[in-house]
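What follows is one structure encoded as structure tokens, with my remarks underneath.
The values are calculated or read from the model by the stated rules, or taken from the named source; none is laboratory data. All figures in this text were calculated on a predicted structure; none of them were measured in a lab. Neighbour counts run over all protein chains shown; Cβ positions are idealised from the backbone, glycine included.
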Amino acid sequence: MRNRTEIAPAEWRWVVVLGALLLVILALPYLYVLVQDQTATNVRFMGILANPRDGATYLAKIGQGQRGAWGYSLAHTPEAASGTFIQVFYVALGQLARLIGFSALAMFHLSRLLTSFAMFLSIYYLGATIWGKLRSRRLFFGIVAVGSGLGWLALLLLLGLRPVDLYVPEAIPLYAAYTNPHFPLSIAFLALLAAQFVVVFRPGGDAPPTLRNGGAVVAILGVLLALVQPQAWLPFAVAVTGYIALQTLRTRTLPRHDFVWAALMIIPALPILLYDLLLINSDVLYASWNAQNQTPSGNPLNYAFGFGLFWIIAAPGIFRATRRLERDGDRFMLVWLITNMLLLYAPFNLQRRLVIGLIIPLAYFAARSLEETWLARVRPTRRSFITALVVAALLPSSILALFIPFAVSMNPVSAQQNFIALPRDYVSAIQWLKTNAAPGSVVLALPAVSLWIPAYSSARVVYGHPFETVDAAAKREIVDRFYSGQDCTVRFAGFSVSYVLTGPRVVDEDGLTRAIDPTFPCAGKVGDVVARFDTVTVYRVRP
């Protein structure tokens, strides 16, 4: 039984080359849009293609770190708050950006590419830990690194679903790598933890944890995963706990060796999770933030189509593991798969976020089924072709997930509607706020504009994000009433507005275009004009 992971230099070269090629693929859409943006006259690309609404909040967090903060405070809401030890990954990136002189956007994309590369290496390392056979290792790597589901088919059939391979980036590693840095980093941590526990749970793996055999690594990875993505830590911790519970039931005794390793991963991370729970239950602002942050799983078909062929290919391996419950890999991966699926519908407001990492046990069974069941029925001379065909069949949704934001960005109207771009004059106004507005100044602007103000300046906004704005529905109504001329009040209980932006029509989150005349009813009641950028006017609110 292998308890060491041995990878030849030639294998690492293969992974490095393929990983670098994937990074080029991930970077090309951005490079093209940036080049096109240099010739655009009416709108400006805001720097993020995939999930730009959340991306803007990450840039705001990096910006806070650049300005010297170690604690994060909600930036897309007008209420002032002291910094808290949450979302520390992006704040730390901001501190690093300050040291090396990078902009928040450059730091975001550099870290996205670096963490994605680390993810690809970690996935291969996990595959090499599980299998000694080169083809199995590469097969596992291929289907995890670039595979996706049948979301494209669900769209084609007009089923009205939101398959996770097209709507939940963290579910699919390649899509995660296209979206932000903390998703691929979390998947990398999960892969490395899984590699360690596959060895620990093997027959004969009875060595106690030490500094030299991965004990320290397990503890550190557990803490880091809880800091970067608690929603990824939770399913894995439950899976490890479930495995030990199953072992206890089967043997009528607690497996002390396994228990010690599990405790090493879980206990050091618990203070972080407890702090998060205390924060969202005791702090008014973060309690409101957490209450709004609803990501339910929805229809189970979102996962059925979202992982598509994975389920079909993996079926023989899952069935075999269920019957035999073999300790060498199968048992732990089966427990991980089942507990993670159950958690997706647990009474928890972030159900859908728990899908991160689910592809790993599913791909394990898919790779095992391919090797032991499906390819066994094919003549040896045709196995390489069939393998390539299977990997190709898992690609369409990944290609679609990368292409859709790129295609959207090519149309100025759809780019604005999907928060990828803003009218040029609004971008100039945001740059003015970055230079002239005092840190923490509150700005009243249209929702689509307000999303990007904290991302590129130290100002806060009245309403900028459905989750990150405290009491978002009420704040959104304030903005709508102001720009429709129904209520020109710019002073509210608990906060006051320093600046107001008016300008041309903007396609907002509802898909509506709202024409805002600089002389609309509220203009004369706001304050003094302090800056004008062709079609956009910046007012300073009178005391």
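Remark: T387 falls outside the filter, which requires a residue to be over 21 Å from the mean Cα position of the chain (by Cα), surrounded by fewer than 15 Cβ atoms within 10 Å (Cβ to Cβ) and either among the β-branched types (V, I, T) or under 25 Å from L185 (Cα atoms) (or both). Residues in the range 116-150 that are polar (S, T, N, Q) and part of a loop (DSSP other than H, G, I, E, B): S148 alone. The listed residues are R13, R44, and the only one of them that is of a type outside the set (V, I, T) and part of a helix (DSSP H, G or I) turns out to be R13.
There is no residue in the range 17-28 that is surrounded by fewer than 21 Cβ atoms within 10 Å (Cβ to Cβ) and either touching a Cys at 6+ places or on another chain (Cβ under 9 Å) or aromatic (F, W, Y) (or both). Restricted to the range 386-425, and to residues there that are assigned to a loop (DSSP other than H, G, I, E, B) and of a type outside the set (F, W, Y), the residue that is nearest to I359 (Cα to Cα) is L394. Scanning the range 226-284 for residues that are aliphatic (A, V, I, L, M) and either in contact with an Asp or Glu (Cβ under 7 Å, 6 or more places away or on another chain) or not in a helix (DSSP H, G or I) (or both) turns up I244, L254.
Considering (1) in contact with a Pro (Cβ under 6 Å, 6 or more places away or on another chain); (2) in a helix (DSSP H, G or I), the lone condition that L23 does not fulfil carries the number (1).
From V413, V355, which residue is surrounded by 23 or more Cβ atoms within 10 Å (Cβ to Cβ) and over 17 Å from R135 (Cα atoms)?
Sole residue among the options that is surrounded by 23 or more Cβ atoms within 10 Å (Cβ to Cβ) and over 17 Å from R135 (Cα atoms): V355.
Looking only at the range 284-307, count how many residues are surrounded by fewer than 18 Cβ atoms within 10 Å (Cβ to Cβ) and either among the aliphatic types (A, V, I, L, M) or within 30 Å of G147 (Cβ to Cβ) (or both).
12
Checking each residue in the range 335-344 for being over 14 Å from L234 (Cβ atoms) and surrounded by fewer than 19 Cβ atoms within 10 Å (Cβ to Cβ) picks out only I338. Within the range 249-263, is even one residue under 30 Å from D165 (Cβ atoms) and of a type in the set (A, V, I, L, M)? No: the range 249-263 contains no residue that is under 30 Å from D165 (Cβ atoms) and of a type in the set (A, V, I, L, M).
Does L153 fit the bill of being surrounded by fewer than 17 Cβ atoms within 10 Å (Cβ to Cβ) and either of a type outside the set (A, V, I, L, M, F, W, C) or part of a helix (DSSP H, G or I) (or both)?
The answer is yes for L153.
The set of residues from the range 80-97 being surrounded by fewer than 17 Cβ atoms within 10 Å (Cβ to Cβ) and either more than 22 Å from L279 (Cβ to Cβ) or touching a residue at least 40 places away in the same chain (Cβ under 8 Å) (or both) comprises A80, F85, L96. Against the list (1) surrounded by 18 or more Cβ atoms within 10 Å (Cβ to Cβ); (2) modelled with pLDDT of 95 or more; (3) under 26 Å from T469 (Cβ atoms), the condition Y167 fails is (1). All of (1) over 23 Å from the mean Cα position of the chain (by Cα); (2) in a helix (DSSP H, G or I); (3) modelled with pLDDT of 95 or more; (4) farther than 17 Å from P504 by Cα hold for S428 with one exception: (4).
Would you call A50 among the aliphatic types (A, V, I, L, M), touching a His at 6+ places or on another chain (Cβ under 8 Å) and within 25 Å of I399 (Cα to Cα)? The answer is no for A50. When every residue of the range 91-114 is checked against the conditions, at least one turns out to be farther than 20 Å from P184 by Cα and touching a Lys or Arg at 6+ places or on another chain (Cβ under 9 Å).
Among the residues making up the range 328-353, a single one is in contact with a Leu (Cβ under 7 Å, 6 or more places away or on another chain) and in a loop (DSSP other than H, G, I, E, B): L344. Can you find, within the range 71-115, the residue that is modelled with the highest pLDDT among those that are more than 30 Å from L18 (Cβ to Cβ), polar (S, T, N, Q) and not in a loop (DSSP other than H, G, I, E, B)? Looking at the filtered set, the residue picked out is Q95.
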